[in-house]
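Every read-out reported here was derived from the displayed coordinates using simple, explicitly stated rules and does not represent laboratory data. If you're wondering where the values come from, they're calculated on a predicted model, not measured in any experiment.
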Amino acid sequence: MSGRSEDPNPLRNEVFTRVFDEHWAAVRHHIEGVVGAEDEVTEIVSEVFLLAWTKLRPARPPSRVWLLRATDRRLRARSGRASTPYGAVDAVHLGLSGEQGGPDQHSRVAVLRALAVLTPGQRRIIMLTYWDGLTVGEIAELLRASEFRVRKTLGRAQDRLCAELGLEGRTTGDD
C-alpha cells in the first residue's frame, strides 16, 4: 500500500474551500451582471475557480479582487455578448434614485439610455459600484488605478447619469 489515497496537501484544500466559500457568491453575482444565460454563468464561475485552484498558493490565497479580475478576463474572452440583465439595470436605478422596489419598464429603458451616454470606463465603474457593491478602494485595486481617479470618474458618471435621468437634485456616491 502506498498511502496515496491520503490527501497530499490538506492545507491547500482547506484554503481553497475557504476562498470558494467566501467569494463564490460575489464572483457569480459579478458574472450575472453581464451574462444572462444561467448555464453560461455556471460555466464561467467554474472556470474562474478552476484557475484559482491551479494557481493557489496557500500562504497567499486569491482575494475577491483577484477573482473578479480573473472573471473579467474570462468575460472578455467569451464569444458573443448578452445584454445587461435587468438586475444590473435595476441596481443602478436603485443606487441613483434611492427608490425602493423595481423600476417600471420606462425607467429601465431610461437607465439603459443613460448608461449608453457614459464612456466605457465610467460605465464599468458604475456597474462595479452599484451591481457588485465594491468600494472605491476595491475598484481602484481591481482596475489598477488610483482611488482619486476612480472617485473622480465615479462622480462624473453619477452626475451624467443623474442629469440624463432628471435626478440632478439627488445626492449620490460615497462622498
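Computed quantities for the displayed model
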{"item": "Stokes-Einstein D for the stretch 33-164, Kirkwood Rh over Cα pairs, 4 °C, 1.567 mPa s (µm²/s)", "result": "81 µm²/s"}
{"item": "Relative contact order (percent, whole number), the stretch 19-167, Cα cutoff 8 Å, 6+ residue spacing", "result": "24 percent"}
